[in-house]
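Some notes on the structure that comes next.
The values are calculated or read from the model by the stated rules, or taken from the named source; none is laboratory data. Keep in mind that what you see is a predicted model, and the values were worked out from it rather than measured. Neighbour counts are summed over all protein chains in view; Cβ atoms, including those assigned to glycine, are modelled from backbone coordinates with ideal geometry.
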Amino acid sequence: MISDLKGKSATLHQMAGIYVTRGDLDGAMKLYQQSLQIDEGLGNLQGKSATLRAMANVHVTRGDLGGAMTVYQQVLEIVERLGDLQGKSATLHEIAGIYVMRGDLNGAMKLYQQSLQIDEGLGDLQSKSTTLYEMANVYVTRGDLGGAMKLYQQSLQIFEGLGDLKGKSATLRQMANVYVTRGDLDGAMKLYQQSLQIFEGLGNLKGKATTLNNMANVYVTRGDLDGAMKLFQQSLQIDEGLGNLQGKSITLNNMAGIYVTRGDLDGAMKLYQQSLEIKEGLGDLQGKSATLNNMAVVLFQNGKYQPALQALLEALVTLEKIGARPGADTVAGLIVQFRSKLGAERFDLLWRDVTGGASLPDWLS
């Protein structure tokens, strides 16, 4: 009887995972709840912790970071009580991901390091490769592209050795992003195509949507706005179907950029506002700053100088706080351009009005 119930719980859990992949988060949560109820009745802590972790992941997808953290903390307590090092590593990894979204890169790296240390001690190559991948993403945010590529290469080598296609495709995509930053668009597109092909073969819609979004950005850089919009629309449709708010907000932000290029500033602002609202709800500080930065450009072009400067300063303070140096430098550069175009005297008056009389920083004066 007990074995039958354990089997039923495990099957419900696996079915819920399929629902998640298909984007039916409500259906998945119902099955996870049923599985959790059985495990609690059996006193099966191992099964309970696995199901709670999966439910927390759904909370993250929906943008409920607070709810996710509450559940992850429950999981951490259980796995520590069980002495389950592999479970502890996985949970620390997931919590670190929330720290990244909230902009606490230092806190995230500490948790990733703890997770990595456990993975290496256990000889768990799968988890090690995933943690190296996430650490590389933090390096990118901080502007250390060389350090990021080293970690991506280590991660890719492990994924390929394990035959982990999902991990391989995600890593190829992130490496392609570095190529884009370095200006190698042809190299980036080759990696994006490899990544997309793998995601499509796996039926991984979330991965496909993200890769389409990245490829669309290359189209924008090359001036093919129509091609870019087609890809953005495909990505948006998938994310909306999956309930993936993070992906949706990024795509809306990128689509708005095309509206700006085409001169439809009102249309652009509507999309930026939608993106900003989602990012604020998610607590995504880095994403919020990027959207504020983009909105400031449109506001400036519309002659709305005060809200434009306010948006840039909010973005700058946030990016400096979370240690996203490249992003902060970009915003600071825009403020310098803002002053040049507006004229020093007029800008300085505006600066004092917006900041309450603060002196200009050295890099601006």
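Any residue in the range 54-65 that is over 21 Å from N204 (Cα atoms), free of Cβ contacts under 8 Å to residues at least 12 places away in the same chain and over 26 Å from the mean Cα position of the chain (by Cα)? Scanning the range 54-65, I find no residue that is over 21 Å from N204 (Cα atoms), free of Cβ contacts under 8 Å to residues at least 12 places away in the same chain and over 26 Å from the mean Cα position of the chain (by Cα), so the answer is no.
Per this entry, L82 is counted among residues that are surrounded by fewer than 19 Cβ atoms within 10 Å (Cβ to Cβ), over 30 Å from I278 (Cβ atoms), among the aliphatic types (A, V, I, L, M) and in contact with a helix residue (DSSP H, G or I) (Cβ under 8 Å, 6 or more places away or on another chain).
The residues of the range 117-154 that are free of Cβ contacts under 8 Å to residues at least 40 places away in the same chain, of a type in the set (D, E, K, R) and either under 24 Å from T330 (Cα atoms) or part of a helix (DSSP H, G or I) (or both), listed by number, are D119, E120, K128, D144, K150. So, G287, is that one farther than 25 Å from D24 by Cβ, in a loop (DSSP other than H, G, I, E, B) and modelled with pLDDT under 95 or not? So G287 fails the test.
For the range 217-228, state whether one or more residues are closer than 20 Å to R262 by Cβ and in contact with a Gly (Cβ under 6 Å, 6 or more places away or on another chain). So far as the range 217-228 goes, yes, one or more of its residues are closer than 20 Å to R262 by Cβ and in contact with a Gly (Cβ under 6 Å, 6 or more places away or on another chain).
Residue-wise test of (1) more than 27 Å from L65 (Cβ to Cβ); (2) surrounded by fewer than 19 Cβ atoms within 10 Å (Cβ to Cβ); (3) modelled with pLDDT of 95 or more; (4) in contact with a strand residue (DSSP E or B) (Cβ under 7 Å, 6 or more places away or on another chain).
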residue	(1), (2), (3), (4)
Q193	yes, yes, yes, no
F199	no, no, no, no
L212	no, no, yes, no
G241	no, yes, no, no
L245	no, no, no, no
T251	no, no, yes, no
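If you take the residues of the range 333-359 that are among the hydroxyl-bearing types (S, T, Y) and in a helix (DSSP H, G or I), which of them is nearest to the chain's Cα centre (by Cα)? It comes out as T355.
Residues in the range 71-116 that are in a helix (DSSP H, G or I) and of a type in the set (D, E) were compared, and the one that is nearest to G281 (Cα to Cα) is E94. Count of the range 259-273 residues, restricted to those that are out of contact with any Leu (no Cβ under 7 Å at 6 or more places or on another chain) and free of Cβ contacts under 8 Å to residues at least 24 places away in the same chain, is 6.
The residue that is nearest to M255 (Cα to Cα), among those in the range 189-209 that are touching a Lys or Arg at 6+ places or on another chain (Cβ under 9 Å), touching a residue at least 40 places away in the same chain (Cβ under 8 Å) and not hydrophobic (A, V, I, L, M, F, W, C), is G207.
Take the conditions free of Cβ contacts under 8 Å to residues at least 40 places away in the same chain and among the hydrophobic types (A, V, I, L, M, F, W, C) and apply them to I278. Does it pass? Spelling it out, it is not the case that I278 is free of Cβ contacts under 8 Å to residues at least 40 places away in the same chain and among the hydrophobic types (A, V, I, L, M, F, W, C).
Total residues in the range 76-102 satisfying the condition of being more than 16 Å from the chain's Cα centre (by Cα) and within 21 Å of Q246 (Cβ to Cβ): the figure is 3.
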